[in-house]
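Engineer: This is the structure I have questions about; it appears just below.
Values in this text are rule-based calculations from the coordinates and carry no lab data. Keep in mind that this is a model prediction, so the values were computed, not measured. Note: ideal-geometry Cβ built from the backbone for every residue, glycine included; neighbour counts use all protein chains shown.
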Amino acid sequence: MNDEQIVSLFFDRSEDALTAAQEKYGGLCLSTARRILPDARDAEECVNDAWVRVWNAIPPERPRYLGAYIARIARNAALDRYHYNSADKRSTQLTEAFEELSNVLPARDDGAPEDRQAFSDFVASFLRSLSRENRVFFVRYYWYGESVGEIARDCRVGEGKIKSSLFRTRTKMREAMEKEGIRL
């Protein structure tokens, strides 16, 4: 079943929509949550929460890329649980990745919705400006929470190359933000 058919089932409020979405994207959601949460039970619970969020969001939302939309919801559910579980704990791979980005990204999201949209557009444009390889490294590390070792193994490159790429990309992003007048 293709994504448009699944979205149509959601709009019809058919429970078959959830079944079809789970069959097609359940593995992606679980692997995304598992990269953020060390406990398998927490990850499974977050994926279940994500399905509820998807059910409640469609309609009115009509996502163009259903897989990315669902993965984002699962990721956000996992991040919510991660923040809840680790309010006073600070020592995971994901925490390190976020700390690396903290020197690049604005410290707080207190802006108006149009400011958030402008920043989102900037990030999307910035990522499109990167080479495919650098974009893959960046997204897999910072979005999906994969380790440098996992990325190196899957992409068949050395860990040093990935670390250098991530460092250069963070530097480029900071420079691009300063050039655009985005406040850090």
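Engineer: Roughly how far apart, in whole Å, are the Cα centres of region 1-63 and region 140-184?
Structural biologist: Result: 28 Å between the Cα centres.
Engineer: Then there's this: Before anything else, pin down the relative contact order of region 3-85: Cα pairs under 8 Å, at least 6 apart, normalised by residue count, whole percent.
Structural biologist: Relative contact order here is 37 percent.
Engineer: Mind giving me the nanometre distance, one decimal, between the label points for Ser14 and Glu44, set 7 Å out from Cα along Cα→Cβ?
Structural biologist: Result for the modelled spin labels: 2.9 nm.
Engineer: What whole-number volume per residue, in cubic angstrom, does the convex hull of the C-alpha atoms of region 3-85 give?
Structural biologist: About 76 Å³ per residue, rounded to a whole number.
Engineer: On to the next question. With a Förster radius of 25 Å, plug the Cβ-Cβ distance of Ser86 and Arg135 into 1/(1 + (r/R0)^6) and report the FRET value to the nearest 0.05.
Structural biologist: 0.35
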